Structures are given as structure tokens and as C-alpha cells.
Amino acid sequence: MRIEGSCHCGRVRFSCEAYAPVPYQYCYCSICRKTAGGSGSAINLGAYADTLDVDGREHLGIYHAKIRDGDTCTISSGERHFCTGCGSALWLFDPEWPELVHPHASAIDTPLPEAPERMHILLDSKANWVRVPRGPNDRHAQHYPDESLEDWHRRHGLLEAREGRR
Ligand SMILES: [Zn+2]
Ligand SMILES: [Zn+2]
């Protein structure tokens, strides 16, 4: 499924082909909360990196998150792309998985499929004031889930087949 996105000020526009277009996974970690998620969570989708087209590349900034664990601090290899004009979080690219790109659902303008089940993850680092939905279709994980974006989409019959490989 081809999805199109943009930042809030409009300097950056992008599109890519998503294999995992359903916004089901709400991440409550401090990186998502502070860089992308005002309500305490952010949602990444899965797409193919070689299908990413970008207009306004000169306005992109990249943030490498600092991950603190006790007294140690490591720098994430993940490249969190954002607009330097307005601050919108756009997508994550990690050179460790060079074939993939993970757009933020919040930046996507194409209507996305509604999730039949929502997964709330990294609850061990959520802010205390955030209320997490606990309905019949909400699932919860204290840390990272065992199931990948691809596996979740496959289990629900929602995995998108790749069109026209380049
Ligand atoms: Zn912008
Ligand atoms: Zn997160």
C-alpha cells in the first residue's frame, strides 16, 4: 500500500510503500513521548526503504536517541528523521535494518486501515499520568513485544504484498 506523509509546515513531503500499514502499536517509551507523542504514545508503521521518495530533504534533521541504562548511556543507531522547520517526527531509519523504514503514523496523510486490535508497548517507561486503554481489543506489553510488525500483520491477514519490486 502506497502511503503519503508530510510534516506540519509542509516543507517535507514523502511517500513509501508500506508492508505494515495498520497503526496498531502504541509505544509509550520516553523517546516516543518526548520526540513524537504528546499523549504519551507514538505509532510506527513498516515500509520498504528503497521505495521512500522525499521532497524537501534539505529540511530534514536526524536525531540519534540517547538510551540510558543505569549509569551507562548508549547512542541509538536509529536515525529519527524530523522536520527542522516545524519539529514533526517523520520516520525512523536504522542502518541495522537497511531495507526498512518506519514512518510515524502521525505524519501520514493517506487514510490508514483501522486496527482490529491495539498493542500498547514499553509500558515500563510510560509517564505516570498516561491512562492506557484497557478494552477487549487492547493488549499490553511492559517492554518490547515478541511479535514483529510483519508477524502481527500476517496473523491478522493484513500484510501487504509488495507491488513492482525495483
Ligand atoms: Zn515542517
Ligand atoms: Zn517508543
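All of the numbers you see were taken from the coordinates with simple rules; none came from a lab. Since we're looking at a predicted model, the values are computed, not measured. Please note: Cβ atoms are built from the backbone with ideal geometry, for glycine as well, and neighbour counts cover all protein chains shown.
In the chain, helices alone account for a calculated mean residue ellipticity at 222 nm of -2000 deg cm²/dmol, with every DSSP H run of four or more residues adding -39,500 (n - 2.57). Its relative contact order, with pairs defined as Cα atoms under 8 Å and 6+ residues apart, puts the stretch 2-155 at 28 percent.
Across the chain, the longest run free of exposed loop sites, meaning GluC sites (Glu not before Pro) lying outside DSSP classes H, G, I, E and B with no more than 10 other Cβ atoms within 10 Å, spans 1-95. Have a look at G56, Y144, G85 and report the one farthest towards the positive end of the charge dipole of the stretch 2-155, computed about the Cα centre with Cβ charges (Lys/Arg +1, Asp/Glu -1). The one lying farthest along the dipole's positive direction is G85. In terms of other Cβ atoms within 10 Å, H153, H81 run from fewest to most in the order H153, H81. Between amide H atoms placed 1.01 Å from N, distances below 5 Å from D138 occur with R118, all of them 5 or more places distant or on a separate chain.
Computed from phi, the 3J(HN,Hα) profile of the stretch 64-70 under the Karplus parametrisation 6.51, -1.76, 1.60 (θ = phi - 60°) reads 9, 5, 8, 10, 9, 9, x Hz, with x in place of Gly and Pro. Applying the criteria of a DSSP loop state and at most 12 other Cβ atoms within 10 Å to the trypsin sites (Lys or Arg not before Pro) of the stretch 89-136 yields R131, R134.
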